[in-house]
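Each remark here refers to the structure printed beneath this line.
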Amino acid sequence: MAGCARPTGASVSLHVEGLDGHDEETTVTEKEATTMSGARVGRPAPDFEAPAYYKGEFTTVKLSESVGKGWTLLCFYPGDFTFV
Amino acid sequence: MAAVAARYQELRDLDVNIISVSVDSQFTHKVWDEQELSKMVEGGIPWKMASDGAGHVGKVYGVYDEDAGVEMRGRFLIDPDGVIQAMEVMTPPVGRNIDEAIRQIKAFQLVRETGGKEATPAGWTPGGQTLKPGPDLVGNVWKVWKPAK
């Protein structure tokens, strides 16, 4: 995937400025197999950790924690309050 | 997301965990869940709604639209080993079909449970005929399987 090539094993971090003034870190860890190509079927899913909302609470979500519990359906969508 | 939430128990019965991701903040997720989604699905969204404000996660997965600053619709099925088994990416105006996602989950789980000894042909649905890949099947698929009309 163009624009996503990063050194093998590199960890990409960004800071999301929370509205409550706390910095929250999102970490994207790309495994060697996926470094050059991003997400591909048959290859390990790139792990990430991100801020999340869950049943009334603010928390974080880490893909690898979900993977350790079974199958995972990872769903991206354009935005909250969209119609479809 | 509400369409997926409506089938949540079925997905949990299939040992599937869900993570949803958009560029919205977790605060926006809260308001959307409380003000709208909880009125479509009892109890609201029962999984973690991730915030990918800068699109970094979406970029790695190839679903971030830099021009619009949003994620495209993308569904990734990841097995218990962390391997992506299926993906579907769509532009925003067309919604997903959760039935197809569930069909694929059942198919991939069957393949995994049989250690790859069985494969599911085109259009397979649960309970349908599977194929057993091997030397005997080469050139002989026509004897055991025909496409649905």
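The values are calculated or read from the model by the stated rules, or taken from the named source; none is laboratory data. Values in this document were obtained by computation on a predicted structure and should not be read as measured data. As a convention, Cβ positions derive from the backbone with ideal geometry for all residues, glycine included, and neighbour counts pool all protein chains shown. Only protein heavy atoms, including side chains, enter the accessible area calculation; ligands, DNA and RNA are left aside. Shrake-Rupley method; radii C 1.70, N 1.55, O 1.52, S 1.80 Å.
Brief remarks follow.
- Computed Rg/Rh of the range B:1-70, alpha carbon atoms with Kirkwood Rh: 1.01
- Whole-number accessible area per residue in Å² for the range B:62-149, which is evaluated in the context of all protein chains at 1.4 Å: 58
- Length released on extending from B:Leu110 to B:Thr125, taking residue separation times 0.36 nm less the Cα-Cα span: 4.3 nm
- Projecting the Cα atoms of B:Tyr64, B:Phe108, B:Val94 onto the dipole axis of the range B:2-113, where Lys and Arg carry +1 and Asp and Glu carry -1 at the beta carbon, places B:Phe108 farthest toward the positive end.
- Stretching the chain fully between B:Met40 and B:Asp13 yields a gain of 7.6 nm (0.36 nm per residue, less the alpha carbon separation).
- Assigned charges on the beta-carbon of Lys, Arg, Asp, Glu; the range B:1-103 dipole about Cα centre (debye): 100
- For peptides A:68-77, B:49-58, sequence by mean Cβ density within 10 Å, most packed first: B:49-58, A:68-77
- Net charge, B:Pro80 excluded, C-beta distance under 9 Å - Lys, Arg +1, Asp, Glu -1: -1
- Across the accessible surface of the range B:2-113, with the other protein chains kept in place and a 1.4 Å probe, carbon and sulfur atoms take up 48 percent.
- Spin-label zone in the range B:1-15 - amide nitrogen under 19 Å from a point set 7 Å from the Cα of B:Val94 along the C-beta vector: B:1, B:3-4
- By the equivalent-ellipsoid construction on the alpha carbon gyration tensor, chain B comes out with semi-axes of 35, 18, 14 Å, ordered largest to smallest.
- Bridges between two residues of chain B, per DSSP, are antiparallel at a rate of about 70%.
- Among the listed pairs A:Lys55/B:Lys39; A:Lys69/B:Lys48; A:Lys62/B:Lys48; A:Lys55/B:Lys30; B:Lys106/B:Lys146, a Cα-Cα separation exceeding 18 Å is found for B:Lys106/B:Lys146.
- Between B and A, accessible area buried - total, square angstrom, nearest 100, 1.4 angstrom probe: 5400
- Structure-based [θ]222 nm, chain B - -39500 (n - 2.57) summed over DSSP H runs of at least 4, per residue, nearest 500: -7500 deg cm²/dmol
- Between the C-alpha center of the range A:53-72 and that of the range B:52-118 there is a gap of 16 Å.
- Restricting the range B:1-79 to GluC sites (Glu not before Pro) in coil, as DSSP defines it, with at most 10 other Cβ within 10 Å: B:Glu42, B:Glu66
- Between B:Ala2 and B:Arg103, the simple label model (points 7 Å from Cα in the Cβ direction) yields a spacing of 2.5 nm.
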